[in-house]
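A short write-up of the structure that comes next.
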Amino acid sequence: KSKRLWVPTGICLTSNMPIIGVLEAMLLRLCEALAAKANSINPDVLNSFIKNDLAQLILNFQQPISGVLHCSIPFLSGERLHVTLPPPTGLPSLPHGASVTSVCRLLGADGLAILLAAVLTECKILIHSSDVANLAMVAEVITALIYPFSWQLPYIPVLPVDMLEIVEAPLSYFLGVPTPNMQ
């Protein structure tokens, strides 16, 4: 009986477009496809499967024209993924589906109003949470909700522990710090 060495694989999808929900759906589909094939395929074949599907996605993806055209992306099995960009002068898209509702639940009405007021008056803003996903979501939703204004000062939704000295900066900022890093 041969021993099998587990080798972790990390996949990070990035985009300069506000399509977090689409990227999340792509990663979930990829995980489901890998889980279905993991026990029946040689690890080298599995790696080439990943590389081929991601290469097809990257090479064949047409960027939508802002406010005019949307793209439909076939990726693995299932429904096609749709990417639409808002018009350049229109309301920015929010991070993903229920994010505004989630932020309202996390902050409450008073917390949301205070945070929006702090952003609009360009105060120093430091938010923290033990859940990094919540930090990024709150920061992205708040910066989207101030439309037609935009945050023009330092903005780091999740501040790495090595950069904590930024908190002492004499200028306004919007920082998200994971709670464990605050000790």
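The values are calculated or read from the model by the stated rules, or taken from the named source; none is laboratory data. Every value quoted in this text rests on a predicted model; they were computed, and no experiment measured them. Please note that ligands, DNA and RNA were not included when accessible areas were found on the heavy atoms of the full protein model with its side chains. Shrake-Rupley method; radii C 1.70, N 1.55, O 1.52, S 1.80 Å.
Quick notes
- Accessible area (Å², 1.4 Å probe, nearest 10) - MET26: 10
- Ratio Rg/Rh, restricted to segment 92-183 and using Cα atoms, in which Rh is the Kirkwood radius: 0.94
- If you sort CYS123, CYS71, CYS31, CYS12 by accessible surface, 1.4 Å probe, largest first, the order is CYS12, CYS31, CYS123, CYS71.
- Accessible surface of SER15, taken over heavy atoms with a 1.4 Å probe and every protein chain present, rounds to 50 Å².
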